[in-house]
1. Give me the lysines in straight-line cross-link reach of Lys9: C-alpha distance below 21 Å, same-chain residues under 8 apart excluded.
2. How far apart, in nm, are two points set 7 Å out from the Cα along the Cα-to-Cβ line at Ala242 and at Arg72?
3. Using a 7 Å offset from the Cα along the Cα-to-Cβ direction at both Ala46 and Glu146, what is the distance between the two label points in nm, to one decimal?
4. Rounded to the nearest 5, what % of the DSSP beta bridges within region 1-153 are antiparallel ones?
5. Rounded to the nearest 500 deg cm²/dmol, what is the calculated helix-only ellipticity per residue at 222 nm for the chain, with -39500 (n - 2.57) per DSSP H run of length n ≥ 4?
6. Mind checking which lysines have their C-alpha under 23 Å from Lys280, skipping anything on the same chain fewer than 8 residues away?
7. Mind giving me the FRET efficiency for Ser268 and Asp222? R0 is 35 Å, r the Cβ-Cβ distance, nearest 0.05 is fine.
8. Given an 8 Å cut-off on Cα distances and at least 6 residues of separation, report the relative contact order of the chain as a percent.
Amino acid sequence: MDFSDNRAKLPQLCFTHAGRFHADDVFSAALLRILRPDMRIYRGFAVPKGFTGIVFDVGDGPFDHHQKNSPRRPNGVPYAAFGLLWREYGRFFLSEGEAARFDEKFIQPLDIDDNTGTGHVLAVLLGAFNPAWDEENPDEDAAFEEAVQTARQLLYHRLKGLAAQERGKTAVEAALAQSENGVVVLEKYVPWKPYLVGAANAQFVICPSPRGGYSLQCVPRDYNGKTGNKIPLPAAWHAAPAEELQRLTGVPDATFCHASGFLCSAGSIAGAQALAALAKAAWVNPKAGREYAGRAPT
């Protein structure tokens, strides 16, 4: 993500409140720094008269949320400065749908924390950059800058990954169109969950493993994997040594099965496909799965 052209047309100056800082103003500053890397951030208790830069989290402007009747999202979640800035500038990073998802999953919990003090773990960690109460002559602006640099790295890499995920959508959808028996084969790893979790005909994904060979991963029922996988791997496989896994399955190049059973691997695509077929057969007929004969279905 290169924003050296200042495509968002941001001024070079911005202003936010002084004193103790929170994840809200820190991430707001980080977002603006990504959009314009040479952004100069000033802090104070009152917006300077005639200030023409961006003002956030103070001053009752469009990026402040402390005034009466401050805006809320359609779902009722109140905005804080970070959410208000994202609402305006998120389009420079992600498509409308993905920008909304990022707001829901990442920004809204932080906005809620800033409005209610709920104690979000990331807010607590960034708050720890504030000088201690008994520190003599603390440099609050330097501490704020350190927190902003940390938040900028976290935010930049997360948004970079999400943008790459969107670029992979075409490859995943093409592989899904060519899939057979619920098995989607990817030529290389591409983030696939956003596009396959909701696809009824996607039950497993095969892609090259960084350890060599091929991984077979179960497609979860929901994006966070809280309701399990569409088709689980048989419990007997979980954490089985390679030789035992080969004996159980009859797949000669089976090499690994994760202890939680969401992933296994084989030395070839054919081996991974055979493992998928076995897992599916065991799921359809649990009795057969318990009495594993050790032969891949044909």
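None of the figures in this text is laboratory data; all of them are computed from the coordinates on show. On a predicted model such as this, the values are computed, not experimentally measured, just so you know. Note that we place each Cβ from the backbone using ideal geometry, even for glycine, and neighbour counts take in every protein chain shown.
1. Cα-Cα hits under 21 Å: Lys160.
2. Output for this residue pair reads 5.9 nm.
3. 3.1 nm
4. Values: 1 of 8 bridges.
Antiparallel: roughly 10 percent of the beta bridges in region 1-153.
5. Values: 11 runs with 115 residues, N = 298.
Counting only the DSSP helices, I get -11500 deg cm²/dmol.
6. Lys193, Lys226, Lys230
7. Numbers: r = 31 Å, r/R0 = 0.87.
Efficiency, from the Cβ-Cβ distance: 0.70.
8. Details: 468 pairs, mean separation 33.7, N = 298.
Dividing the mean separation by the residue count of the chain yields 11 percent.
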